[in-house]
Structures are given as C-alpha cells and as structure tokens.
Amino acid sequence: MAKKTLDDLGDLKGKKVLVRVDFNVPLDKKTGAVKNDRRIRAALPTIKHLLDAGASVIAMSHLGRPEKATPEERANLTMDKVAAKFSELLGKPVKKAANEVVGAGVTAAVAAMKPGDVILLENLRFDPREQKNDAEFAAAITSLADAYVNDAFGTCHNDKDASMVAVPAALKAAGKPRAVGLLVAKELEIIEGLMSAPKAPVLGIMGGAKVSDKIAFINVLLTKVDQLLIGGKMTYTFLKARGVDVGATRVGDEEVVAAGPLLKHVGTKIVLPVDYVVAKSDDLLQTQVCEGPIPAGFEGVDIGPKTIEAYKAAIKDAATVIWNGPLGWFEQAAFARGTQYIAEAMSASSGVTVVGGGETAEAAEQFGYADKMTHVSTGGGAFLAYVEGKKFQSLAQIDDRA
Ligand code: 3PG
Ligand code: MG
C-alpha cells in the first residue's frame, strides 16, 4: 500500500514544513568538503515541490557519527559545508540554523521564515537525544512546524532516531499532516516492484566484504533470482569455506561460518568467479590472474578477465539485474576493472537495473554509469533491510493513502 505523499498534505501556502532528509554524505577526511552530493541532489525534487506550493522548508539531517568522532573529526561534522552545497544545488540561499539543533536561536530563525525560505538545522546527532528517540527533543522539533515529510530513505531503517520516529509520531498525535517525500515514494515503489514481480530472468550480483552482514539479504535474493553472481571480498570467503587456499587474503573465521549454509547453492544458483586478480600483499604492483588456490603472500583484489566476460554475458541475458557490493578493490584504479565492467554492462542493458546504495552507488557514479541505471538507491543499510522485508518504524508513522 502506498504511503501518503506530498499531494496529500493539503494546502501548503504559508505553511512551515519539516523535511527529514538524509544528507549523510561522504566528506573529504582532511577538508570536510562534500565528496559526493548524490543524496542532496536526490532530495531536491521534494524541496522544490514544497517551495513551489508556497511553503517554507525546515530541512534536517544527521551527518556521520559524531558520538564516535574525535573533537577534530567532530568539527567537520557541522552542517555548514552541506548547507553551502545544498544552497548551490537548489539555486537559492539556505540558512544554516544557529550552532544548536533546537533552542531559542532556531525558534527565532524559524519564526522569521517567509514562504520560499529554506533553513537547514544543525547536525541532529550533535544532540544525543536524537538517537534515543527522545520525546522532549522530538517535541522541540515538532513545535517548529505545521507538517512533516520523510524524504530520508537512507535512514528509514533506523528505529531509534527521534527525527525519523518520535517527531512524526508527535505530529500524528497533534493531528498534523505527515507524508513521505518523492524520493522515499520512488525508492519504495521500485524496491517493492522489484521484489514482488521481477521480470525473469532475474540476476543478482553480490560483492563487498562481509557475508555475515548480508546473509539475510542473500537468503531473500536467493528466493527471487535465477542466478546470484558473487564477486568482491566475499569471493574469498566462499573459496575458503570450500577449502581453497586463499593465500594472504584476510578472511575472518566468522565469515567462513556465515558462508557455510550457502555453499549448497554454489554451482546451482550461486556462481563463484572462475578467476581472480591477486596482488602481492607487500607490493601491490605485483599482480597475477589465478584460477585455483591463491599463492602464498598474495591476496585477491578483483574478479579476473574470464569471470568478467561470463558476468557480462549473464547481464546481457537478464531482464532484471540487482547489484549490491563492489566486485573488487575499486578505489584502487588497477583493481577496479571488475566493478567498472559490471557497471558498464548493466548500464547498457535494456532490462531493469537496480543498484543498492552505499559504496555500490558511489562506484556506479564514479564510473559515470549511475544515470543509465533504472534506479540507484540512496540507501545502503536501508536498501538491504527493505529488501529483507523489515518493517520500518519510521514509515509506520506515515499513514497509507486512502
Ligand atoms: C547511512 O548512510 O547508512 C544512513 O545515513 C544512516 O546512517 P548510520 O548508518 O550512521 O545510522
Ligand atoms: Mg548505515
């Protein structure tokens, strides 16, 4: 059932609308500059729609994990640079609220807002009450606005974030309208369509490091796909679990245990790489392509040329492709081939192509293929959890459309 969305909010002229966005964007470690603005761009249609309808917008997001940051890192987690990027992309000024998440300064700034104005609150996680779903904190935020929009798909799986759960719950109790934004509506529609009636043949492509984190996701995918192609670091987990020597590749014992129950699908639904690029751990310039055991001192860094060709052919034959996790160590140009060719093959497909968020989306974007996919999710953990069929507390606060 579809959730209420922007058109269900009623007349917005002169209204103040709280919009929870996910502007938790990757930052340059040294300068704190926004390294990838995809999540900001993804929220613009909702913001523009609200402004065009005569509302003013109070946007709010978390950024990073300040509770775990050093004071130096924390200084880079203020929303100032995000606000500047948001303003540039929106093409109008965005006021960054005072150096507090809620309080007298914010209340005064919001009271002075006129239709068409945009304010971005300070990093929600600077207030420890945000991640405790605190009711008082939620009440302070709620008092600022007439309506609430959740357009933060990447954070929808967080059940303890006040801005995601307690705030819309408080608005609900106060009889104020709530809706999902255009981004969340689109993410839900695409993922639901993908999982309920994917067009066959359906191909899954899984990469990344940890099988243990993705075990529930893999198990659900196995019920939907005709084939699940494996790449990335988890390749070596599967190999080790099958008793193949993985040389110097680091594979944790708990990963091998997690992969155990999946081995029965290898050779039927699960397809492992037939070859892989390995590099010498103490001299990454020394590489070779390997088909069997990995020599001592070498570690697996990418899928090999035969595997790339086989995977490209499978993508060409598929009507639906779902991809999550890089196929190799793509941040290193020399080991990015697998990830790049898979992204390229998907972008050339005439079928439905969906990319799970996080670093997979970053890879698709880095190689210039993101715009040629059917959908690139803005959710990393949220994408996995939604596919797994988890029920989100955040979305439970938004009513279904009549
Ligand atoms: C994400 O990128 O996963 C979301 O923005 C949520 O952030 P979190 O993982 O720190 O809760
Ligand atoms: Mg996360």
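The values are calculated or read from the model by the stated rules, or taken from the named source; none is laboratory data. Note that this is a predicted model, so its numbers are computed, not measured. Neighbour counts run over all protein chains shown; Cβ positions are idealised from the backbone, glycine included.
Identify, please: which residue in region 348-367 is under 22 Å from PRO26 (Cβ atoms) and among the polar types (S, T, N, Q) and is, among those, surrounded by the fewest Cβ atoms within 10 Å (Cβ to Cβ)? Top of the filtered list is GLN366. Given the criteria within 16 Å of VAL167 (Cα to Cα) and surrounded by 15 or more Cβ atoms within 10 Å (Cβ to Cβ), does VAL102 qualify? Yes; evaluated as a whole, the condition is true for this residue.
For a quick check of your reading of the model, give me the residue pairs whose first member lies in region 1-12 and is under 12 Å from GLY54 (Cα atoms), whose second is surrounded by 21 or more Cβ atoms within 10 Å (Cβ to Cβ), with beta-carbon atoms closer than 8 Å and at least 6 apart or on different chains. Qualifying pairs under 8 Å: LEU12/LEU50; LEU12/ALA55. Taking residues in region 366-383 that are farther than 13 Å from GLU187 by Cβ and touching a residue at least 12 places away in the same chain (Cβ under 8 Å), and partners anywhere that are more than 16 Å from ligand 1 (Cβ to nearest atom) and aromatic (Phe, Trp, Tyr), the pairs with Cβ atoms closer than 8 Å and at least 6 places apart or on different chains are GLN366/PHE330.
Applying the criterion of being crowded, with 17+ Cβ neighbours inside 10 Å and of a type in the set (A, V, I, L, M) to the residues of region 384-401, the residue that is farthest from ligand 1 (Cβ to nearest atom) is ILE398.
When residues in region 343-367 are screened for being within 16 Å of ligand 2 (Cβ to nearest atom) and not β-branched (Val, Ile, Thr), 6 of them pass. Taken over region 10-19, the criterion of being more than 16 Å from ligand 1 (Cβ to nearest atom) and either assigned to a loop (DSSP other than H, G, I, E, B) or crowded, with 22+ Cβ neighbours inside 10 Å (or both) is satisfied by GLY10, ASP11, LEU12, LYS13, GLY14, LYS15, VAL17, LEU18. Filter region 128-141 down to residues that are buried (at least 22 other Cβ atoms within 10 Å of the Cβ) and either in a loop (DSSP other than H, G, I, E, B) or touching a Leu at 6+ places or on another chain (Cβ under 8 Å) (or both), then give me how many there are. The qualifying residues number 2. Scanning region 240-256 for residues that are in contact (Cβ under 8 Å) with a residue 40 or more places away in the chain and under 18 Å from ILE218 (Cα atoms) returns GLU254, GLU255. Among the residues of region 35-47, those that are touching a residue at least 12 places away in the same chain (Cβ under 8 Å) and under 19 Å from ASP371 (Cβ atoms) comprise ASN36, ASP37, ARG38, ARG39, ILE40, ARG41, ALA42, ALA43, LEU44, PRO45. Restricted to helices (runs of 4 or more DSSP H) entirely inside region 23-121, those with at least 2 residues that are under 20 Å from GLY380 (Cα atoms) are 38-52. In the set (1) modelled with pLDDT of 95 or more; (2) β-branched (Val, Ile, Thr); (3) away from ligand 1 (no atom under 14 Å from the Cβ), the condition left unmet by THR70 is number (1). Scanning region 368-383 for residues being within 10 Å of ligand 2 (Cβ to nearest atom), surrounded by fewer than 23 Cβ atoms within 10 Å (Cβ to Cβ) and among the hydrophobic types (A, V, I, L, M, F, W, C) gives a total of 0. The conditions of being under 23 Å from GLU359 (Cα atoms), among the polar types (S, T, N, Q) and modelled with pLDDT of 95 or more are not met by GLN288. In the set (1) within 16 Å of ligand 2 (Cβ to nearest atom); (2) of a type in the set (Ser, Thr, Tyr); (3) free of Cβ contacts under 8 Å to residues at least 24 places away in the same chain, the condition left unmet by THR223 is number (1). The sole residue among LEU89, LEU50 that is under 23 Å from the mean Cα position of the chain (by Cα) and of a type in the set (A, V, I, L, M, F, W, C) is LEU89. Restricting attention to region 152-184, the residues that are away from ligand 2 (no atom under 16 Å from the Cβ) and in contact with a Lys or Arg (Cβ under 7 Å, 6 or more places away or on another chain) total 7. In region 150-178, the residue that is nearest to ligand 1 (Cβ to nearest atom) out of those that are part of a loop (DSSP other than H, G, I, E, B) and more than 17 Å from the chain's Cα centre (by Cα) is LYS160.
Let's see how each residue does on (1) over 16 Å from LEU239 (Cβ atoms); (2) surrounded by 15 or more Cβ atoms within 10 Å (Cβ to Cβ); (3) in contact (Cβ under 8 Å) with a residue 24 or more places away in the chain; (4) touching a Cys at 6+ places or on another chain (Cβ under 8 Å):
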| site | (1), (2), (3), (4) |
| --- | --- |
| ASP283 | yes, no, no, no |
| ILE294 | no, yes, yes, no |
| ASP302 | no, yes, yes, no |
| ILE308 | yes, yes, yes, no |
| ALA313 | yes, no, no, no |
| ALA319 | yes, yes, yes, no |
| TRP323 | yes, yes, yes, no |
| PRO326 | yes, yes, yes, no |
| GLU331 | yes, no, no, no |
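If you go through region 20-61 and keep only what is away from ligand 1 (no atom under 16 Å from the Cβ), surrounded by 22 or more Cβ atoms within 10 Å (Cβ to Cβ) and hydrophobic (A, V, I, L, M, F, W, C), you end up with ILE47, LEU50, ALA55, VAL57, ILE58.
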